[in-house]
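The values are calculated or read from the model by the stated rules, or taken from the named source; none is laboratory data. Not measured: the values here are computed from a predicted model. Here Cβ is always computed from backbone atoms with ideal geometry, including for glycine, and neighbour counts include all displayed protein chains. Heavy atoms of the whole protein, side chains included, go into the accessibility calculation; ligands, DNA and RNA do not. Shrake-Rupley method; radii C 1.70, N 1.55, O 1.52, S 1.80 Å.
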Amino acid sequence: MKKGDIVEVSIESYAFEGKGVAKVQLEGTPDDKKFTVFVEGAYPGDTVKAFIRKKKKNYAEAKIEEILVKSPERIDARCNFFQNCGGCKQQDLDYKIQTKYKQAQVTETFEHIGGLTDFENEEIIAGKNQFFYRNKMEYSFSDKRWIPKEELNSEEEITDRNFALGLHIPRIFDKVLDIDECFLMSELSNKILNATRNFFKSRGVSVYNTRNHVGYLRNLVIKESHFTHDLMVNLVTHEDNPELMKEYTEQLLSEVPQITTVINNVNTRKAQVALGDYEKVYHGDGYIYDQIGEYKYRISANSFFQTNTLQAQPLYQTALDYADIKKEDIVYDLYSGAGTISLYISKFAKKVYAIESVEPAVEDAKMNSKFNNVDNVEFILGDLNKSFLPVIKEQNIPNPDIVIADPPRSGMNPKTVKDLLKIAPKRIVYVSCNPASQVRDITMLIEGGYKLKKIRPVDMFPQTYHIENVALLEK
């Protein structure tokens, strides 16, 4: 077997990140030494022809060329863009089966990869909505439209090669699939997407080029609140053009009057992020407002907020239940963002100290605290990629009884883990969107004197292979 081969394989099991697993007997190898092939987008029960994309010593990575026998777990995908889009990797898999595999993947990561045993593995909390659950979508503009195979193979002339507004093709940073519909956010967001495309295409407005770094349009970010129905449009551009933005805002509001605020983030840097050097508000107050549990939150264009509002409450409730906070407890909330977890747990604790690295998020958190008349949470700007102990010492903050941590996908910095071991809380609740980095950090905490008591996955992202997981450790 070598790169570029097409092989017929039967899928036996399922691996993390949406890959079916096939075991192949290579010529000249012992019967008990089967070679592993990971096939993207394949499910147990499939028999497929697979194109070998990468060949290593002990395994190969492949993509489906043709499905010969369909798994009984397969269903028809709802979206016309499913085969090309990098968003919903599991839309052709029955949702009950999605949750079964997500639970199994968390278990596999903890027990077999992490070698962790003797802990309670609670049942996954499935998503309340399988579609239209996101409160934020980030679309990209590109001057290189991805041309799908069916369009390439048709006899019709290919047009609009140099303008796309949609989602990136996996593993290709500069090409974007032009889409007019997505089932992850609301129908209103689709109206905004198409109105934006039509406006700028009709005026021949330039798209930012990632190679020569010229052009105007970069990203379209839509945020929508679940409970208040606020709707934000944030256009990220490479340049400041007030007249064009005013015209765009006026046209957009005429087509989608439900929009409550329009913002322009101006990003003059080369970095491909939907984050501006500065922002201008063209309609509304520049914020939307949403609710989790009994608490209301102000959300700015660039602050983090849980992407699935409805599912955030069971996630936070799981963290709260695991924390078992008493009225006399001091709690640290690390990677606190806009203060969502901090406020959610506040009435149960004596004091919550929330530490976050992103300054705008800290400002949002302080405002959220005022909104909700919460006076026992202190929001602190601290770099969690360095030791946070100097901040604790400088501000004379007492050591915690309980720590709740919700870091990014990369997990906690080793310095942060060492800090936790030094301050030695009686309980640590670790919320993670990446079980692999979570297990890595938990292993370090166990070596430092903690015991893993229980875990519970929470599905925040139906139709994808991503999974959130809550873990409880006790001293």
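Odds and ends about this structure:
- Being of a type in the set (S, T, N, Q) and modelled with pLDDT under 95 holds for only one residue in Ser410, Ser342, and it is Ser410.
- Residue in the range 256-275 that is in a strand (DSSP E or B) and out of contact with any His (no Cβ under 9 Å at 6 or more places or on another chain) present: yes
- Flag if Ala22 is over 20 Å from Phe82 (Cα atoms), of a type outside the set (Val, Ile, Thr), crowded, with 17+ Cβ neighbours inside 10 Å and over 27 Å from the mean Cα position of the chain (by Cα): yes
- In the range 25-55, residue nearest to the chain's Cα centre (by Cα) [restricted to those that are without any contact (Cβ under 8 Å) to a residue 40 or more places away in the chain and part of a strand (DSSP E or B)]: Glu40
- Those residues of the range 303-325 which are open to solvent by 50 Å² or more (accessible area, probe 1.4 Å) and in contact (Cβ under 8 Å) with a residue 40 or more places away in the chain, in sequence order: Phe304, Asp324
- Looking across the range 114-172 at every residue that is in a strand (DSSP E or B) and among the aromatic types (Phe, Trp, Tyr), the one that is surrounded by the fewest Cβ atoms within 10 Å (Cβ to Cβ) is identified as Tyr139.
- Restricting the range 25-47 to residues that are under 22 Å from Cys88 (Cα atoms) and of a type in the set (Phe, Trp, Tyr), the residue that is least open to solvent (accessible area, probe 1.4 Å): Tyr43
- Within the range 227-240, the residues that satisfy the criterion of being under 29 Å from Asn129 (Cβ atoms) and in a loop (DSSP other than H, G, I, E, B) are Phe227, Thr228, His229, Asp230.
- In the range 197-226, the residues that are in a loop (DSSP other than H, G, I, E, B) and surrounded by 13 or more Cβ atoms within 10 Å (Cβ to Cβ): Val205, Ser206, Tyr208, Asn209, Thr210, Gly215, Tyr216, Ser225, His226
- Meets criteria (surrounded by 15 or more Cβ atoms within 10 Å (Cβ to Cβ) and free of Cβ contacts under 8 Å to residues at least 60 places away in the same chain) for Leu420: yes
- Among the residues listed as Tyr297, Tyr248, the single one being buried (at least 16 other Cβ atoms within 10 Å of the Cβ), modelled with pLDDT under 95 and among the aromatic types (Phe, Trp, Tyr): Tyr297
- For the range 56-75, the candidate set comprises residues that are more than 30 Å from the chain's Cα centre (by Cα) and assigned to a loop (DSSP other than H, G, I, E, B); within that set, the residue that is farthest from Tyr465 (Cα to Cα) is Lys57.
- Every residue from the range 397-417 that is free of Cβ contacts under 8 Å to residues at least 60 places away in the same chain and either aromatic (Phe, Trp, Tyr) or more than 15 Å from Ile355 (Cβ to Cβ) (or both): Arg409, Ser410, Gly411, Pro414
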